[in-house]
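> Following this message is one structure expressed as structure tokens.
The values are calculated or read from the model by the stated rules, or taken from the named source; none is laboratory data. Nothing here was measured: the structure is a model prediction, and the numbers come from that model. Don't worry about glycine lacking a Cβ; one is built from the backbone with ideal geometry, like all the others, and counts go over all protein chains shown.
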Amino acid sequence: MRRTVTLTGLDVSIGITSDQEVRTDLRRLDRILGNLLLNAHRHGAGPVELHVDGRRITVRDHGPGYPDDLLQHGPQRFRTNAPERGHGLGLTIATGHTRVIGATLTFTNHPAGGALATLTLPPD
């Protein structure tokens, strides 16, 4: 299933391969996904895609991808590559919330282009 929705002014294409009930802190999950989607819109390019496959949720954009230093060292608040392209605080917040709920969050670049964040929720 795939559909495009507008979430607080951001167009997001949502796809679901399989759904699974997960017990987690919904407030923190909302903050993680909100930061990932906002980052994709601010620093990437559309279309922005959110995909759910069981416990694994990915957010992909079609922009230039994550910078090398983010891929090597992870997000660091207030660290920027250029004055107009910060990448630290939102992704750092998402990473912190991820740790608190016992999930994992990885950052890669998609082989076909764009940034790809993968959130894997823990088993119950």
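> Which numbered condition trips up residue 11, out of (1) modelled with pLDDT of 90 or more; (2) assigned to a strand (DSSP E or B)?
With (1) modelled with pLDDT of 90 or more; (2) assigned to a strand (DSSP E or B) applied to residue 11, the lone miss is (1).
> Turning to a different aspect of this structure: Please verify whether residue 92 is polar (S, T, N, Q) and modelled with pLDDT under 90, treating the condition exactly as stated.
Values: polar (S, T, N, Q): yes; modelled with pLDDT under 90: no.
Here the answer is no, as residue 92 does not meet what is asked.
> Kindly indicate whether any position in the stretch 95-106 is over 14 Å from the mean Cα position of the chain (by Cα) and modelled with pLDDT under 95.
The answer is no; no qualifying residue exists.
> When residues of the stretch 43-55 are filtered for being touching a residue at least 40 places away in the same chain (Cβ under 8 Å) and either within 14 Å of residue 11 (Cα to Cα) or polar (S, T, N, Q) (or both), how many remain?
The total comes to 3.
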